Structures are given as structure tokens and as C-alpha cells.
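Let me begin by presenting the structure, written as C-alpha cells, before commenting on it.
The values are calculated or read from the model by the stated rules, or taken from the named source; none is laboratory data. On a predicted model such as this, the values are computed, not experimentally measured, just so you know. Heads up, the Cβs are rebuilt from the backbone with ideal geometry, glycines too, and the neighbour counts pull from every protein chain shown. Calculation scope for accessible area: heavy atoms of the full protein, side chains included, ligands and nucleic acids excluded. Shrake-Rupley method; radii C 1.70, N 1.55, O 1.52, S 1.80 Å.
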Amino acid sequence: MFTGNDALKKCPIPVRRIVYRDQETGKQYTFLTNHFKLAARTIADVYKARWQVELFFKWIKQNLKIKSFVGTSKNAVMTQIWIALCVYLLIAFIKFQSKIQISMQQIVRLLQLNLFEKRDLMALLRGDPPTNRHEYDNQPTLF
């Protein structure tokens with residue numbers, strides 16, 4: 001339990017302090033949790049995984065332009081997260097399949113710039129110039 005003037009008012013529940021030292025970096029981390037049955041290593045692993053989730057949402061906000069959610073219901077938010085996750089996985093798969101050393105952000109930008117162009121995706125990622133063969137069939141001819 002916290003002690004002090006206002007400590008019990010701010011945190012009235014008992015908490016557990018866990019200190020974890022990362023073997024790879026040598027850094028020491030301190031966590032407060034209300035889980036008393038989990039091992040210290042498990043708590044540290046959960047926080048490490050939580051950071052990956054934070055990075056995922058940061059990437060979504062930066063690259064998929066989800067600044068705020070359209071709906072506020074649980075179903076609406078979950079649907080938007082699932083859609084963003086699907087887009088993320090598709091872009092990661094495109095990056096893997098193309099074997100091109102460009103970032104996922106660059107792939108998103110390329111797709112955004114060529115959204116209404118009828119192009120071969122791998123040729124677009126390689127930077128091949130567009131071919132004249134039937135690329136603009138749906139556009140009127142100007143004389």
C-alpha cells in the first residue's frame with residue numbers, strides 16, 4: 001500500500017512492485033501491478049508485448065490516417081481496428097512478396113499516389129515506368 005498524505009486516496013488498492021533487468025541491454029525496469037499471482041518475468045513480458053502494441057497503433061495513426069474513430073461504439077471501434085490490421089497485414093505481405101528494400105510507409109505512399117492507376121503492383125514497387133498497353137482504355141481520347 002502507498003503511504004503518505006493523499007496516497008491512499010489516489011491508489012486505495014494494494015500494488016506489487018516488480019524490478020526487472022533486461023539481459024540484452026542491462027537496463028532495469030520497475031513496474032507496478034495489482035497482479036500478485038503472476039511471476040515477475042511474466043509481468044515484464046506483458047509490458048514488453050504492450051510496447052509492441054503501442055508501436056502498432058502509432059504506425060496505424062501515422063500511415064493509415066486513423067486520427068480518430070468514426071464510430072464510438074465498441075463494435076465500430078473494433079471494426080476499424082480490424083480493417084486497419086488487415087491493411088497492415090496486406091502491406092506487410094506485399095513487402096515480403098516483393099523482396100524490395102523499401103519501407104512499409106513508402107509502399108503506402110506509392111499506393112496512395114497510384115490509387116486510380118491500373119498498374120501491375122510489383123512493377124509499381126520496382127519503379128518500372130508504365131507501359132502504354134491498354135493502361136488508359138477507360139479514358140476518353142483527346143484530339
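Can you compute the charge dipole magnitude of the chain about its Cα centre, using +1 on each Lys and Arg Cβ and -1 on each Asp and Glu Cβ, nothing else charged? Give it in debye, rounded to the nearest 20.
On the way: 22 positive and 10 negative charges, 144 e Å.
Here the size comes out at about 700 debye.
Report the label-to-label distance for V87 and T30 in nanometres (one decimal), using points 7 Å from each Cα along the Cα→Cβ vector.
About 4.1 nm, to one decimal.
Heavy atoms of the protein only, probe of 1.4 Å, neighbouring chains included. What is the accessible area of S73 in Å², nearest 10?
Here the accessible area works out near 60 Å².
Give me the 1.4 Å probe accessible area per residue for segment 1-139, excluding ligands and nucleic acids, in Å². Walk me through the intermediate numbers first.
Numbers: 11260 Å² over 139 residues.
Ligands and nucleic acids excluded, the result is 81 Å² per residue.
Round to a whole angstrom and tell me the spacing of the C-alpha centers of segment 15-33 and segment 79-135.
40
Once you have a ≥ b ≥ c as the square roots of the Cα gyration tensor eigenvalues for segment 45-105, tell me rounded if a/c is under 1.5, and otherwise prolate or oblate according to whether a/b is larger than b/c.
Here segment 45-105 falls in the oblate category.
If amide hydrogens are placed 1.01 Å from N in the peptide plane, which non-local residues have theirs closer than 5 Å to the one on L38?
Excluding prolines and chain starts, which carry no amide H, there are no hits.
What shape does segment 1-108 take by its C-alpha gyration tensor, where a ≥ b ≥ c are the square roots of the eigenvalues and a/c under 1.5 counts as rounded, a/b above b/c as prolate, and the rest as oblate? Provide the component values of the computation, followed by the final result.
Details: a/c = 3.11, a/b = 1.69, b/c = 1.84.
In terms of gyration-tensor shape, oblate.
With a 1.4 Å probe and all protein chains left in place, how much of the accessible area of the chain comes from carbon and sulfur atoms, in whole percent? Walk me through the numbers on the way to the answer.
Numbers: 7030 of 11850 Å².
That share works out to 59 percent.
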